[in-house]
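Novice: Before I ask anything, here is the structure I am working with.
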Amino acid sequence: MHSLVYIARVTTTVLRRTAPPPILLLVLLATPTALSANSATTVTAALADDLGVSVSAATWVGTAFGWGVVIGTPLTTSLLRTRGLRVVVAINAALVLLGAALVAVAPALPLLLAGRAIGAAGSGGLVTIAIGVAGTARRTGAITASVGLVGAFGPLAGTALSGLSWRLPLLLAAVATAAVPALLRRLPRAVRREEVTPRDPLGIALVLGIVTAVVLIPRTPSAALGATAVLGIALVAHIARRADGFVPRAVVRSPRWVVGALAACTLSTVYFVLLYIVPHLLRAEWAPNRIGLTTLLTLACGAVTALLFTRCVHRLPAAAVGIGLPVAAAIAALLPIATATPAVYAWSTALAVFASSAGMAWYATRITEAVPPDQQRTALGLYTLAYQLGGAIGPAVATVLLA
């Protein structure tokens, strides 16, 4: 996400003058977002029954959350151009709490979706800030690894908490605000902005519009595709006029970056589709507790395998990896279609999270090598935005498949 690029720049001076926040504090700030996102997959049936909507309509809670996380990061970027880190952290925390309050009392699906989107926007900002103030690559890696590992517990946590109320799993992101008071005490009141890039509100607005339109394609194909095309043309024209804007021309002209971003978005989409579809398929065969525990084990296995893979991937031919990861995702997507075995359904998520996590790391290295040095951070930020877009598209596709 582009805000990672911005925060990395504006916090460089800050970290020279102040010690970075404790890593456990940043982990607490970042991980509840993944926990809440993944736990929502286990409550769609209960949510649908309570609010009187269809299961396919209930899956929009995942779409709303994924969309909110994606738009939260550019919005955080915009705020950081006029406010210091302390203010932006407080604003994002307030959004998380406001969203949680709406989710807790929403009597109907529209208000519930609004609460999920508002809270997710704040959560996305907090995750971005946590990574941005980490200070070193090792600490950043610890945060991202923790996000993946804690996210694997989401379905199990959702199953356990939904026994009390289906709303509780949707409120887990609010746990991140527990880290905010301690974090605010460790952040400076002002941020030096010698390295701030020029503002590009039109570029940000076009990107947000495209993201929103893409997310809506599964539900309203004609209108959303038309909006995507129009906004895409407008963004291309804007990039042609402004080479150093929110989307730099040098980045999008790199074929390797384009391939990497498309691959990351696709792999992420497959993973999130299965994350929502598989529990629904298993519900007819297994008890809820078994579904939650199995999902935890499969996601954890896939994440650990991806971590081990990324440590030895440099020994493998690039062509083999570039083909193998999409093939793994394709197999994961086809397994639930080709078989009616519950265990195979479950393990398809392991293969999907492996392809998604390993692909995220591998393509990131490839795309940064393909752009000019002064654009590498920006390229990585936009690449991450493409990956997170899959987190919003996936639940939307699942909604259509479950209809």
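Novice: Having 1 or more residues that are in contact (Cβ under 8 Å) with a residue 40 or more places away in the chain and of a type in the set (D, E, K, R) is the bar; report the helices (runs of 4 or more DSSP H) wholly within region 306-403 that clear it.
Specialist: Working: elements: 318-338, 342-369, 376-402.
Result: 342-369, 376-402.
Novice: Among the residues of region 168-185, is there at least one that is at pLDDT below 90, crowded, with 16+ Cβ neighbours inside 10 Å and in a loop (DSSP other than H, G, I, E, B)?
Specialist: Within region 168-185, none of the residues are at pLDDT below 90, crowded, with 16+ Cβ neighbours inside 10 Å and in a loop (DSSP other than H, G, I, E, B).
Novice: Scan region 230-247 and report the pairs whose first residue is over 11 Å from GLY209 (Cα atoms) and in contact (Cβ under 8 Å) with a residue 40 or more places away in the chain and whose second residue is outside any helix (DSSP H, G or I) and charged (D, E, K, R), with Cβ atoms within less than 6 Å and a gap of 6+ or a chain change.
Specialist: Between residues of region 230-247 that are over 11 Å from GLY209 (Cα atoms) and in contact (Cβ under 8 Å) with a residue 40 or more places away in the chain and residues that are outside any helix (DSSP H, G or I) and charged (D, E, K, R), the close pairs are GLY245/ASP200; PHE246/ASP200.
Novice: Next question, about the same structure. Using the structure shown, decide if LEU111 is part of a helix (DSSP H, G or I), without any contact (Cβ under 8 Å) to a residue 12 or more places away in the chain and not acidic (Asp, Glu).
Specialist: Taking the combined requirement at face value, the residue satisfies it.
Novice: Within region 261-302, count every residue that is among the small types (Gly, Ala, Ser) and part of a loop (DSSP other than H, G, I, E, B).
Specialist: Adding up the residues that qualify gives 2.
Novice: I'd like the full set of residues that are farther than 16 Å from PHE246 by Cβ and of a type in the set (Val, Ile, Thr), limited to region 369-403.
Specialist: ILE393, VAL397, THR399, VAL400
Novice: Let me ask you something else. With the checklist (1) in contact (Cβ under 8 Å) with a residue 60 or more places away in the chain; (2) surrounded by fewer than 12 Cβ atoms within 10 Å (Cβ to Cβ) in hand, flag the one item PRO221 doesn't pass.
Specialist: PRO221 satisfies all of (1) in contact (Cβ under 8 Å) with a residue 60 or more places away in the chain; (2) surrounded by fewer than 12 Cβ atoms within 10 Å (Cβ to Cβ) except (1).
Novice: Considering only residues that are of a type in the set (Gly, Ala, Ser) and buried (at least 17 other Cβ atoms within 10 Å of the Cβ), look in region 224-248 and name the one that is farthest from GLY68 (Cα to Cα).
Specialist: GLY245
The values are calculated or read from the model by the stated rules, or taken from the named source; none is laboratory data. On a predicted model such as this, the values are computed, not experimentally measured, just so you know. Ideal geometry is used to build each Cβ from the backbone, glycine not excepted, and the neighbour counts take in all protein chains shown.
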